[in-house]
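Below you'll find the structure, written out as C-alpha cells, and then a few comments.
The values are calculated or read from the model by the stated rules, or taken from the named source; none is laboratory data. Quick caveat: nothing in here was measured; it's all calculated off a predicted structure. We place every Cβ from the backbone using ideal geometry, glycine too, and count neighbours over all the protein chains shown. Only protein heavy atoms, including side chains, enter the accessible area calculation; ligands, DNA and RNA are left aside. Shrake-Rupley method; radii C 1.70, N 1.55, O 1.52, S 1.80 Å.
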Amino acid sequence: MTGTIPSTIGGNENLIFLDISNNKIEGTIPSEIFDISALEIAYIGNNTLTGPIPENYYEPDNLRELWVDGNELSGSVPDVPEGKFEQLEELILNKNLLTGAVPESICNLRDDANGKIISLHSDCAQPPSPPQIECECCTKCTTAAGSEDDP
C-alpha cells in the first residue's frame, strides 16, 4: 500500500484494530487516528512516515499497543497526562529520528504498581554517546540503524 493516511480515518469510530505496517505509506500520522475512542491496537510501523508523534496519541482509553517503529518520525515523545495510557502494554518507538528523552510520565506507567507497560522500545542504545533518545525505563534499546543493546 502506498500514499498517505487520510485524516478521515478518524471517522471510523468503531475501529478497534489498525494494521497499516510494512507498507510504503508516507506523510505524517494524522492526529485523527487517536480520536478513535474504540482503538485498542495500532500498528503503524515500517513505513516512511515523517513529522512528530501527534500530541493526542494517548487519547484512546483502551489503547493497548502502539507501534510506530521503523519510520522517520522526528521531534520528542509527547508527555502523557495523568489518567491516560492506563491500558497501554506496548509502546514501540524505535528505529525513528526521535530525540530528547522518553517522558517520565511514560516511565511512571511502567514503574508504577498500576502501570501496565511491559514493552517499551526506543533508540536509546549506546554508542552513540549520548544516545539518540534517553530512556531510563525502556525494555529494549536500539539505534536508529537497528543494532540492539539491553538497558
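Some points to look at:
- Solvent-accessible area assigned to carbon and sulfur over segment 1-112 amounts to 44 percent, based on a 1.4 Å probe.
- Annotated for the chain: lysine pairs at least 8 residues apart or interchain, Cα distance under 17 Å, count 4.
- Stokes-Einstein D (µm²/s) once Rh is taken as the Kirkwood radius of segment 1-110 over alpha-carbon pairs, at 37 °C in 0.692 mPa s: 237 µm²/s
- Environment charge at N56 (Cβ cut-off 10 Å; Lys +1, Arg +1, Asp -1, Glu -1): -3
- Of the GluC sites (Glu not before Pro) in segment 1-65, those whose Cβ has at most 10 other Cβ within 10 Å and which sit in DSSP loop: E13
- Size of electric dipole in the chain: Cβ of Lys, Arg +1 and of Asp, Glu -1, about Cα centre, debye, nearest 20: 400 debye
- Put the Cα centre of segment 74-112 next to the Cα centre of segment 16-65 and the gap is 14 Å.
- Normalised by the number of residues in the chain, the mean separation of alpha-carbon contacts (under 8 Å, six or more apart) gives a relative contact order of 16 percent.
- Here the Gaussian network model covers the chain, with springs between Cα atoms less than 10 Å apart; of E82, E104, E90, E82 fluctuates the most.
- Radius 13 Å from Cβ of N96, net charge of other residues (Lys, Arg +1; Asp, Glu -1): -2
- Counting only protein heavy atoms and a 1.4 Å probe, the chain has 50 square angstrom of accessible area per residue.
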